[in-house]
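A short worksheet on the structure shown next.
All of the numbers you see were taken from the coordinates with simple rules; none came from a lab. Given the structure is predicted, the values throughout are model-derived calculations rather than measurements. Because the Cβ atoms are built from the backbone with ideal geometry, glycine has one as well, and the counts that use them run over all protein chains shown.
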């Protein structure tokens, strides 16, 4: 009954948004599905780029295989109908709704077309900080997906001023991950880019402290490990083979350090299969949240971890193969989703949100604004449950970084959750 009420409220809010809206602030609503890919049939890739001093563009990639096609149209053709709703909020003015649009696209079934690229212009002005909500709806299937993007234009430069594209086909690269055999080019909306300075930071970021620790790890990349000049018409892609963060800027840095203000953009090399993790070394790293990563000592003849070591770790906790497989499946599914949703300048599983998501799972309630996210674990809906607040952290490298507000924490149940995992059971919060 509670779930039915929740979904009815979500649907009701969606109907309200799709109607003509007034210039009011956003209405809080439960968005518990935004970090659950299983709850939606469509998973669009979305990015936003600035196209002038007063405008930006939403670029959305929708995969054909995720859409439902039918003949319910006047032309009697096999068609998909996709409705896009966006709401743009002004964070300089108490999250006031400043722009909105509802538009519908029709796509005819074509087996040769793997995806559709949609571009929607929006109004955005230099000097403002915006919070953008995008709702993508498969109207034939009656299914939707929410997405949120930050458009911060308060500094002289914005990382959204730069567009990365695939030189093989001129398509926009929506995820800034460096991939082998994918040559990239770089454009800026109002200037010619002959060269950029690149600051490279090795992938050596640390995982966060457990929730009840008061100390927050210093959230910056420090001094670059190396730097060089990248000429945009003749990029040497061998320079980007190392795993880590590559920060591009046309502002000459006196030191190999990123300042507080945004003056460039970043690309990331987190390994070939990212956001998927496959190697034994990568499978073992997230076990640090269970407090037992260092207890895994089984290695091969050259001192590297083996897949057998990972399997034995989970088997020792579950005491039988079937149960250990379930533990392994759920734990690393949460790691994968953390990488998909929470990656910023470091891998998603290493962030505060990733830590909570991996150990506790999907929250029952998520309330999101331009400045924070609040997660509540309370499946019964009775009492306060466990609540975590994550504050947006303005990072010159990435616009998707949030830090756990440790001062607002009360009882977290962290030790009990970790104990349940180590006793061979998947942790789900129960009142």
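Things to note:
- Per-pair calculated FRET efficiency, R0 = 35 Å: residue 319 and residue 117 via Cβ, rounded to 0.05: 0.10
- Nearest-0.05 FRET efficiency for residue 170 and residue 76, computed from C-beta distance (R0 35 Å): 0.50
- Mean Cβ neighbour count within 10 Å, used as a protection proxy, ranking 313-323, 181-191, 130-140 highest first: 130-140, 313-323, 181-191
- Here each label is just a point 7 Å from Cα along the line to Cβ, and for residue 223 and residue 105 those points are 4.7 nm apart.
- For q = 0.12, 0.13, 0.15 Å⁻¹, Debye-computed log10 I/I(0) when each Cα of segment 280-422 counts as one equal scatterer: -0.56, -0.65, -0.83
- Peptides 339-352, 382-395, 167-180 ranked from most to least packed give 339-352, 382-395, 167-180, packing being the mean of other C-beta atoms within 10 angstrom over each peptide's residues.
- Length gained when the stretch residue 382-residue 180 is fully extended (0.36 nm per residue, less Cα-Cα span): 67.7 nm
- What separates the Cα centres of segment 122-137 and segment 319-392 is a distance of 26 Å.
- One chain, two ends: residue 304 and residue 233. Fully extended at 0.36 nm per residue, the span grows by 21.6 nm beyond their Cα-Cα distance.
- Top of 378, 398, 236 by mean-square fluctuation, Gaussian network on the chain, Cα under 10 Å: 236
- Counting other Cβ atoms within 10 Å as a rough exposure proxy, the listed residues 306, 249, 54 run 54, 306, 249 from fewest neighbours to most.
- Note on the chain: Kirkwood radius taken over Cα pairs, Stokes-Einstein applied at 20 °C and 1.002 mPa s, translational D equal to 91 µm² s⁻¹.
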